[in-house]
Every structure is written in C-alpha cells, then in structure tokens.
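The values are calculated or read from the model by the stated rules, or taken from the named source; none is laboratory data. Keep in mind the model is a prediction, meaning the values are calculated, not measured. Here the Cβ is made from the backbone with ideal geometry for all residues, glycine too, and neighbour counts use every protein chain on show. These accessible areas exclude ligands, DNA and RNA; they are computed on the full protein's heavy atoms, side chains included. Shrake-Rupley method; radii C 1.70, N 1.55, O 1.52, S 1.80 Å.
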Amino acid sequence: MNTKKVTITDVAKEAGLSIATVSRVINHARNVDPESEKLIRHAMKKLGYVPAVKKQKLSLMALIVPSLENHFFSAVVEGVMREANKMLCHVVVYSSNGSAEQEAQCLMRAASLGISALLFCPLSDSSAAMLPDLFDPDFPLVIVYRRDYLKGASHIYYNNVEGGYIAAKYLLRGNHRHIAFFASFWQQPKESIADLIAYLDHQNRGSYSSLDRLEGYRRALAEFSLPLDQSLICMTGYDFPSGYATARDFLSRLRDFDAVICCNDAVAAGVLQALDEQHIAVPQQVSILGYDDSFLSEIARPSLSSIHQDPQKLGKRAFEQLQLILGGKKCDDIILQPSLKIRSSSRMRELD
C-alpha cells in the first residue's frame with residue numbers, strides 16, 4: 001500500500017501544469033482559465049489531494065449583514081473591520097437591505113468571488129438551505145448573531161432569551177402588569193400573533209432574535225404567574241417609522257397597558273413619539289424599554305432604558321473565531337451576555 005502523502009507538486013505533475021497555477025486554483029484565485037482549473041480539479045480528485053486547513057490564509061473574506069442603515073449591524077461591521085485591518089485582510093461587505101431575495105444574491109455573489117471565509121448574519125431562516133449548496137462542509141464560516149442556524153457551523157450571538165427575560169422581569173418588579181411587546185422582524189415568520197406564539201417552540205426560533213426575546217418575556221411572565229396575552233404583542237420592523245406606526249395602531253385598539261418592550265432603540269424612539277402626540281407621559285403613565293443601548297438611548301427624551309449589547313465586541317469576537325477556524329481548530333458556539341441599562345424612560349409604578 002502506498003502511504004506517501006500527495007503534495008501540490010504531484011498534482012502539478014499529474015495535471016501537466018505549473019505549481020503556481022495549482023496554487024492559484026487551491027487558493028481560489030480568479031486569474032485561472034477554466035480548462036486549466038478543470039485539469040487541476042481532476043488531478044486532485046484522482047490523487048486524493050486535500051489542501052491542509054492549517055495552510056489556509058484569510059486573504060479575502062465576505063461579511064453579510066441584514067442592513068448597513070441599522071446602527072447595530074453597522075457597528076458589527078466596524079468591529080470586524082478593525083480586526084481585519086490589523087491582519088491586512090480584504091473584506092467584501094454585503095447588505096441584504098432587509099430582503100430575503102437580496103440576501104440570496106449576496107450569498108451567491110460571495111461564493112462566485114472565491115472567498116476564503118464568510119461571516120454571515122442572516123435575516124431569517126430562509127437562506128439556511130442555500131449554504132450547503134454554495135460552500136463545502138469544511139468551508140470556514142461563522143454564523144453571527146443567530147442561534148442554531150446551521151448544523152455543524154460555528155455561531156456567535158448574544159443571549160436574546162436572557163435579554164427579553166431581564167427586560168420583562170425588571171418591569172414586573174416595578175409593578176407593571178400589562179407589558180406590551182413589540183417584536184421586530186426583517187422577514188415576519190408568521191402572519192398572525194397566535195401563529196407567532198406557536199412558533200416559539202419551533203426548532204428554527206434561533207434564526208429570529210425577537211422570538212428568543214419574546215421567549216424570555218414569556219418566561220418572566222410565568223414567574224409572576226401571568227399569561228402570555230396576545231393582545232399585548234405586536235409585530236413591527238426595526239426602524240423609527242415602524243415603531244411609530246405600530247404604536248399608533250396599538251393605541252387605536254384602546255388596550256390598557258403600562259409598559260412597552262421594544263426590540264431596538266429606533267423602534268422605542270418611534271413609540272415615544274407616538275405616545276407624546278397622545279399626551280401619554282413617559283415614564284409617569286407608561287414605561288418604555290429599548291434594546292441595544294445605542295446612541296439613540298441617550299439622545300431620546302426621556303432617555304431610554306435599554307438592554308445593553310456591544311456590537312463592535314460581537315464583530316471583533318466573530319473575526320477572532322473565524323481566525324481560529326482557519327487555523328484548523330474546531331470552535332464551539334460563543335454566547336455573549338446582555339445587561340440592563342436603566343435611564344429615564346422607566347420607573348417603579350405605585351400599586352393601586
């Protein structure tokens with residue numbers, strides 16, 4: 001039995017081409033003619049040659065995020081880019097612009113570039129099935145800010161269940177008992193609130209940060225022996241207009257409420273505007289909690305209590321995780337913990 005290790009020289013000899021050309025194919029360089037690449041791929045398969053993972057270098061990577069207009073994800077990009085600049089790594093950044101179709105196009109364009117690694121923050125679970133078709137099983141990939149998205153992949157995310165839990169528990173301890181929850185989505189997983197609640201028990205829930213937060217909210221309510229009230233849950237987007245429009249619609253239902261949890265600070269700012277127009281005082285009548293602890297939480301009036309996350313830290317850690325994978329190490333998921341930042345938009349309610 002021949003146990004000699006197959007080398008790049010053997011592949012070049014079998015293909016009848018130079019070692020440099022074989023190297024360009026292995027490293028996904030673009031300046032290789034299709035016929036030469038075909039010969040080299042055939043030689044690699046025939047000889048059983050597999051490039052060593054430890055020899056990979058992060059020369060060109062792609063980063064795909066839901067939106068660059070969203071402050072959280074633009075800060076994630078900044079965190080990635082700071083580390084990439086230190087490593088002299090070229091990064092192609094794609095924005096899905098909140099569209100599943102655009103996200104699919106971003107993935108296909110990234111694959112066509114011959115990238116060496118990918119950081120991917122999906123909009124929802126819609127693109128999960130595409131990844132195995134576009135990238136090999138051992139392709140260096142980190143799923144960012146989503147949980148249990150792709151079997152076998154490495155994930156890094158903030159604990160959104162804990163975030164929703166501490167937001168709701170803080171308000172419950174402050175004697176709030178009618179807490180509205182504005183769940184934000186890029187792509188709504190369900191049409192009705194009843195179906196959305198049922199989806200909390202679905203295996204793909206981790207593809208939606210708002211569903212994990214809603215689960216945390218449900219757990220906090222259960223600790224206080226309170227049911228999950230469908231009439232207090234609304235689906236919305238991730239920007240100021242969405243928060244404003246959803247709050248106006250919610251107010252028109254004449255549902256009693258004493259607090260609102262929003263899934264980011266921009267939505268919370270829209271809610272503040274809608275309540276102010278109806279002369280509903282915050283926090284005297286209604287407490288408001290945002291999410292992300294972004295710059296908006298400090299400039300809003302009143303300033304927003306918010307769940308703190310550090311998106312630049314998330315980006316930095318995601319890049320470092322990808323480096324380890326490129327070095328041939330198997331990486332377990334990394335779970336970052338959120339915290340509560342209390343400001344002027346919430347307060348303890350007096351019991352009747």
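Of note:
- Among the candidates ILE261, ILE307, ILE280, residue that is farther than 17 Å from ASN70 by Cα and open to solvent by less than 20 Å² (accessible area, probe 1.4 Å): ILE261
- Checklist (1) under 24 Å from LEU221 (Cβ atoms); (2) open to solvent by 10 Å² or more (accessible area, probe 1.4 Å) applied to ASP239, failing item: (1)
- Residues in the stretch 316-352 that are out of contact with any strand residue (DSSP E or B) (no Cβ under 8 Å at 6 or more places or on another chain), of a type outside the set (A, V, I, L, M) and part of a helix (DSSP H, G or I): LYS316, GLU320, GLN323.
- Some residue of the stretch 327-338 being among the hydrophobic types (A, V, I, L, M, F, W, C), at pLDDT 95 or above and open to solvent by 20 Å² or more (accessible area, probe 1.4 Å): yes
- Of the criteria (1) polar (S, T, N, Q); (2) within 25 Å of GLN187 (Cα to Cα); (3) touching a residue at least 60 places away in the same chain (Cβ under 8 Å), which one SER287 fails: (2)
- Subset of the stretch 93-115 [open to solvent by 20 Å² or more (accessible area, probe 1.4 Å), of a type in the set (Ser, Thr, Tyr) and part of a loop (DSSP other than H, G, I, E, B)]: SER99
- From the list PHE120, PHE135, the one residue that fits, being surrounded by fewer than 22 Cβ atoms within 10 Å (Cβ to Cβ) and free of Cβ contacts under 8 Å to residues at least 60 places away in the same chain, is PHE135.
- Test: residue in the stretch 295-305 that is in a strand (DSSP E or B) and in contact (Cβ under 8 Å) with a residue 12 or more places away in the chain: yes
- Residues that are polar (S, T, N, Q) and assigned to a loop (DSSP other than H, G, I, E, B) were ranked within the stretch 156-191; the one that is surrounded by the fewest Cβ atoms within 10 Å (Cβ to Cβ) is ASN175.
- Residue in the stretch 122-133 that is under 29 Å from PRO51 (Cβ atoms) and at pLDDT 95 or above present: yes
- The residues listed here are ALA222, ALA153, ALA198, ALA194; of these, the one that is at pLDDT below 95, open to solvent by 10 Å² or more (accessible area, probe 1.4 Å) and of a type in the set (Gly, Ala, Ser) is ALA153.
- Scan the stretch 24-81 for residues that are assigned to a loop (DSSP other than H, G, I, E, B), at pLDDT 90 or above and crowded, with 18+ Cβ neighbours inside 10 Å and the total you get is 3.
- Test: GLY270 is touching a Pro at 6+ places or on another chain (Cβ under 7 Å), surrounded by 23 or more Cβ atoms within 10 Å (Cβ to Cβ) and either of a type in the set (S, T, N, Q) or modelled with pLDDT of 95 or more (or both): yes
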